[in-house]
């Protein structure tokens, strides 16, 4: 179940901005990045699970470095779109 409208997300993103995909596990979070056309995502890295604030900061650093403007992922392990919505990735929306 989506927690946001995908068309609104797409419309709100600047041209060329990438998306981050998250695959949270019990010990690590898999990170993937889309291409600038948002057609395909490729594996980027994994980060070690820690407190939400720490992991959100790591994801934010990846977003800043790679030009990503949004993120999404499964919520089964507690680090999904709802949790990340409290830690916005776009610049100027802290």
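The values are calculated or read from the model by the stated rules, or taken from the named source; none is laboratory data. Because the structure is predicted, anything quoted here is derived from the model rather than measured. Quick reminder, even Gly has a Cβ in these numbers, built from the backbone with ideal geometry, and neighbours come from all protein chains shown.
Output the residues belonging to segment 45-94 that are modelled with pLDDT of 50 or more, within 19 Å of residue 14 (Cα to Cα) and surrounded by fewer than 16 Cβ atoms within 10 Å (Cβ to Cβ).
Passing the criteria: 61, 64, 65, 66, 67.
Give segment 1-44 a look and list any residue that's surrounded by 10 or more Cβ atoms within 10 Å (Cβ to Cβ), in a strand (DSSP E or B) and free of Cβ contacts under 8 Å to residues at least 40 places away in the same chain, or say none.
28, 30, 31, 32, 33, 34, 41, 43, 44
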